[in-house]
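What follows is calculated from the coordinates using simple rules that are stated; it is not laboratory data. These numbers come from a predicted model, not from an experiment. Note that each Cβ is placed from the backbone with ideal geometry, even for glycine, and that neighbours are counted across all protein chains shown.
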Amino acid sequence: MEGNLNLTLKIWRQKNAQTAGKFETYQVSGISEDMSFLEMIDVLNNRLIEEGDDPVAFDHDCREGICGMCSMYINGRPHGPNKGVTTCQLHMRSFQDGQTITIEPWRAEAFPVIKDLVVNRSAFDRIIAAGGFISVNTGNAQDANSLPIPKDHADDAFAAAACIGCGACVAACKNASAMLFTSAKISQLALLPQGQAERAKRAEAMVAQMDEEGFGACSNTGACEAECPKGISLENIARMNREYFSAVFTSK
Amino acid sequence: MTKLDAKIPEGSLAEKWTKYRSSVSLVNPANKRNLEVVIVGSGLAGASAAASLAELGYKVKVFCFQDSPRRAHSIAAQGGINAAKNYQNDGDSIFRLFYDTIKGGDYRAREANVHRLAEVSGNIIDQCVAQGVPFAREYGGLLSNRSFGGTQVQRTFYAAGQTGQQLLLGAYSALQRQVGMGNVQLYARHEMLDVVVVDGKARGIIARNLVSGELERHFGHAVLLCTGGYGNVFYLSTNAMGSNVTAAWKAHKKGAFFANPCYTQIHPTCIPVSGDHQSKLTLMSESLRNDGRIWVPKKKDDPRKANEIPEDERDYYLERRYPAFGNLVPRDIASRAAKERCDAGYGVGASKMAVYLDFAAAIIRYGKAEANKRNLHQVSDEEIQALGKEVVKEKYGNLFDMYKQITGEDPYEQPMRIYPAVHYTMGGLWVDYNLMTTVPGLYALGEANFSDHGANRLGASALMQGLADGYFVIPYTIGAYLASEIRTPALSTDSEAFVNAEKAVQEQIDKLMSIKGTKSVDYFHKKLGLIMWNKCGMARNEEGLKMAIAEIQELRKEFWSDVRIPGEANNLNPELEKAGRVADFLELGELMCKDALERNESCGGHFREEYQTEDGEALRDDENFAYVAAWEYLSESKFELHKEELKFENIKIAQRSYK
């Protein structure tokens, strides 16, 4: 017993992609408010192992908010109640004694459940493989300072590049759209002089892949921006739309 | 005496790499298409190597245990990447970066490798900028630099406190481009569980599909391990939860020597442990020491809050002990100094195992500068504070947010509490100049090898080394081996070696699943971590190390008779994954202690209490220990030591001083 929070957890349990899932209810007690949300799940899992049950499977790795692996849908919100925070950086001081917490995986057709709270997000990798790069083989580069880039452009590109690819935007969207994710990469590269050569081709290819993966359309509700743990702006979607339409109109 | 041949090219230090590059064997493009390379790990070293080799035309397979290559723990590197560009006109040069790295490593690294690293450092920055990595820039549009520990120049390039993320996403993009083109096959959620050796050469791997639990055999003419470090042997570290030694350890048991396992880096500025529930530790970037001042109260057990302690009752102990480098001394020195103060009873916070990292002075300094820039006169103290906080936020905003999120305290208003934590491992698989291990065809890149950082790595050099190895070293050096492999056809994975290797892996899994004991994997991992931290951590001594070896052997026995792994092996089973990794840590830990015991000197991150100067600094013994300790695996608990003598022909070896 490290603390004094007693909580009821309703957690989605699903054996694998082929089996139907359902909610199971668990009680945890003695939770410290200094624990991270994932450490609270660790406590539950250790108990389940001791009792001979199957622990809850969930994705996590760096536990410092940057790898983008953790992906829990907590009380109806991706990454839980706090703004700008991933699940691994969410701490139990954000919850109250006696609270019931509902925990689900990301829900999206393009992110099928693998087990419990673990989903398959490889669609994101394929969107990047379609065009989220600058085609420059190793060794082709000129001196880094031969290409001055205005600070505000570099800063804007950095802000877009801060995306961690967690998929919260998709989970938050009622259409399960991947526009915020895709637009962040398109924006980053469109804002930089290095990205100009492939600008049109990139927008077309990445949008086509996004559609092929089964992500929904954007209806501008802004839920993605509100729930993004890294504050990726909706402006990126507007920029992507401009990039995409100008590419389509000018393509041969 | 030794089987080790580092294959360092002839010639003067500054010419070795250039000459070697121009004379190393080449593989013609048609042959490259028939040569397959297996790459394990997708961090900076793995992703950059995979992209570069695929661009050259090799057939590449990439494996990572995470759900995407972009998750590799390089992503979490914060502060920056070094390069000898001398953009700041402050006296930097390739030789100076080389010198700082050798000295920072306490004269325990190989000169030729380190010089090559310094030579290609500039190319890395060029390549990353070309890929669209958004480094920090000045108003004139040129790249910005800052300082890191152990240097007196500004050579660190950065992207806020997320440099590793931006560099990895650059390498990941290059990798995904090759995946899209069909030149790289990607195997995410796959874990390598053994190297397949045929006629003495590495010819592939056995990997477990973590979703289905199936074992797979994969052939490669060469195998590259880019699997990072083994800091998680301590349980608590700044590494990701999944970071592990398994790939390197399996390779070690198949004949690859493990070098300098006892060289571990304890990073001075991490968020202190808050309780038994702690699952990992979080780093606060070294870049913070550019502006943060480290101090403790001058009075023992001072009960006052930081802001209530007046200036003259504070002990800025790094500035006091090391005036030349101040708060920017290398990590090993800063960590030991923090431990010394806390052990002496001057620690702060509830646990008294922390020191302050204070930004108050920097906020005022930046505030005044900003007021001048904006032509503001007669500015109030509050306005100066507000302006200063804005500047600090731009530089370190994400780190301050992370600190607040974890501790519930606001570092803009009160100093951070920090304490050292395990962060990086300088030791790793022994490699020659070509980055090849003692198993022909098996390479180790990045943190997984031992070669460049000696006994202590300087800040912002891990990113440099990972990318140097992947972008600019292996594409050349792998030719030396593969040029002679063009007549080797792809081996059938039904051959005996593959079948037997898979069988052995299956047997270990079956054995783990069949124990059905009473204790979780974490129970054993935490116990191992405590043994390592207490007896093979920031300070070591003979008695403690001997005890640790016995305790680890005992714990290993208990693990193999009492661990409980729930679930099944033919399904996603994180407990089974962890069990395999902890089983390997339980063997590695013993070797680390043996290495630490054998090295009767103090150097860098290896501090033996018996060997220190009068004022508590590390005391090297160059006469007897100027060598790389490369361990050969014989059987359980039995290792044979091989020595690679280190020759310093271009640097005068000296007592390291930062005073």
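Overview of results
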read-out	value
Share of pairwise Cα separations in the stretch A:5-115, more than 21 Å, in percent	33
Inter-centroid distance (Cα atoms) of the stretch A:142-173 relative to the stretch B:402-471, Å	25
Separation between Cα centres of the stretch B:317-344 and the stretch B:75-127, rounded to whole Å	23
Cβ-derived FRET efficiency at R0 30 Å, B:Glu308 paired with B:Tyr139, nearest 0.05	0.15
For B:Glu36, B:Glu543, order by how many other beta-carbon atoms lie within 10 Å, fewest first	B:Glu543, B:Glu36
Extension gain, B:Lys7 back to B:Lys511 (0.36 nm per residue minus Cα-Cα distance, nm)	177.3 nm
Mean shadow area of the stretch A:128-176 over all directions, Cα convex hull, nm²	5.4
The stretch B:245-331: trypsin sites (Lys or Arg not before Pro) falling in loop per DSSP and having at most 11 other Cβ within 10 Å	B:Lys300, B:Lys305
Value of [θ]222 nm, deg cm²/dmol, for chain B, DSSP H segments ≥ 4, -39500 (n - 2.57) each, nearest 500	-12000 deg cm²/dmol
Dimensions (Å) - chain A, Cα atoms, principal axes, largest first	62, 39, 36
25 Å Cα-Cα reach of A:Lys115 towards lysines, excluding residues that sit fewer than 8 places from it in its own chain	A:Lys10, A:Lys15, A:Lys22, A:Lys174, B:Lys280, B:Lys511, B:Lys516, B:Lys519, B:Lys578
Rg/Rg_globular for the stretch A:121-250, with Rg_globular taken as 2.2 N^0.38 Å and Rg from C-alpha atoms	1.04
Kyte-Doolittle mean at least -0.5, axial Cα span of 24 Å or more - DSSP H helices of chain B	B:111-131, B:163-180, B:496-515, B:574-598
When the stretch B:52-158 is reduced to its Cα atoms, the Kirkwood hydrodynamic radius in Å	15.9
Taking N as its residue count, the alpha carbon Rg of the stretch B:225-375 over 2.2 N^0.38 Å	1.30
Alpha carbon centroid spacing (whole Å) that separates the stretch B:500-561 from the stretch A:36-67	21
Other protein chain Cβ atoms within 10 Å, averaged over every residue that makes up A:120-131	5
Anchor B:Lys299: lysines whose Cα lies under 25 Å away (excluding residues fewer than 8 positions away in-chain)	B:Lys339, B:Lys352, B:Lys659
Convex hull of Cα atoms in the protein assembly as shown, direction-averaged projection (nm²)	36.2
Mean projection area, nm², convex hull over Cα of chain B	28.9
Rg in Å to one decimal, and Dmax rounded to a whole Å, for the stretch B:566-630 via C-alpha atoms	18.8, 59
Stokes-Einstein D for the stretch A:12-53, Kirkwood Rh over Cα pairs, 10 °C, 1.306 mPa s (µm²/s)	133
Above-threshold pairs, the threshold being 24 Å between Cα atoms, out of B:Lys85/B:Lys393; A:Lys83/B:Lys368; B:Lys3/B:Lys647	B:Lys85/B:Lys393; A:Lys83/B:Lys368
Hits among aspartates and glutamates - C-alpha to C-alpha of B:Lys61 under 16 Å, sequence gap 8 or more where chains match	A:Asp125, B:Glu36, B:Glu191, B:Asp194, B:Glu216
Fraction of the pair-distance distribution of the stretch B:497-632 above 26 Å, Cα-Cα pairs, percent	38
